[in-house]
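Following: one structure in structure tokens, then a few remarks.
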Amino acid sequence: MERAKAGGTRHSPERRVRALGGRQGAMHAIDVPFVFDNVHLAAHVTGGEPAAVRLAARMSDARIASAWTGRPGHADLPAWPAYSLVDRPAMAFDAVCRVVPDPDRPVREAIAEIIGT
């Protein structure tokens with residue numbers, strides 16, 4: 001809720017991991033080599049191909065823009081709205097970057113059902 005109050009943003013790495021035939025999906029911490037623009041150091045996981053390099057540039061530029069302006073949007077991304085509790089938008093980083101509404105809704109609702117909130 002604090003993120004929504006502050007008008008922050010949210011991202012969602014969508015690129016499938018290349019290791020193990022892609023069965024891992026977009027696993028935990030897969031965004032690290034992309035955010036720091038060093039996909040070549042983890043090519044066994046990132047793929048290291050030109051598409052991975054382009055995605056790394058987009059993700060890294062988003063972090064740099066955020067550091068300089070407080071907003072991660074830049075010319076190579078679609079408009080990135082501030083996070084809100086109404087639609088919970090997240091930038092989905094993949095070959096085609098896009099804003100997706102509430103990407104974790106099924107998980108969030110399942111947890112709420114289990115804990116009774």
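The values are calculated or read from the model by the stated rules, or taken from the named source; none is laboratory data. If you're wondering where the values come from, they're calculated on a predicted model, not measured in any experiment. Counting neighbours? That spans all protein chains shown, and the Cβs are built from the backbone with ideal geometry, glycine included.
Brief remarks on what is shown
- Screening the candidates ARG105, ARG71, ARG88 for the property of being over 25 Å from ARG54 (Cβ atoms) and in contact with a helix residue (DSSP H, G or I) (Cβ under 9 Å, 6 or more places away or on another chain) yields one hit, ARG88.
- Restricting attention to region 59-77, the residues that are among the hydrophobic types (A, V, I, L, M, F, W, C), within 16 Å of SER12 (Cα to Cα) and either part of a helix (DSSP H, G or I) or in contact (Cβ under 8 Å) with a residue 60 or more places away in the chain (or both) add up to 2.
- Reported count of residues in region 26-50, each being modelled with pLDDT under 90, surrounded by 13 or more Cβ atoms within 10 Å (Cβ to Cβ) and either in a loop (DSSP other than H, G, I, E, B) or hydroxyl-bearing (Ser, Thr, Tyr) (or both), is 7.
- Residue in region 79-90 that is among the polar types (S, T, N, Q), farther than 16 Å from SER12 by Cα and surrounded by 11 or more Cβ atoms within 10 Å (Cβ to Cβ) present: no
- Taking the criterion of being loosely packed, with under 10 Cβ neighbours inside 10 Å and within 25 Å of VAL32 (Cβ to Cβ), the only residue of region 98-117 that qualifies is VAL107.
- Test: ALA95 is surrounded by fewer than 17 Cβ atoms within 10 Å (Cβ to Cβ) and in contact (Cβ under 8 Å) with a residue 40 or more places away in the chain: yes
- Members of region 85-100 found to be within 21 Å of SER66 (Cα to Cα), modelled with pLDDT of 90 or more and of a type outside the set (A, V, I, L, M), listed by number: ARG88, PRO89, CYS97, ARG98
- Single unsatisfied condition, ALA92 versus (1) under 18 Å from ASP31 (Cα atoms); (2) of a type in the set (Gly, Ala, Ser); (3) not in a strand (DSSP E or B): (3)
- Residues of region 1-25 satisfying the condition of being modelled with pLDDT under 70 and assigned to a loop (DSSP other than H, G, I, E, B): MET1, GLY7, GLU14, ARG15, ARG16, VAL17, ARG18, ARG23, GLN24, GLY25
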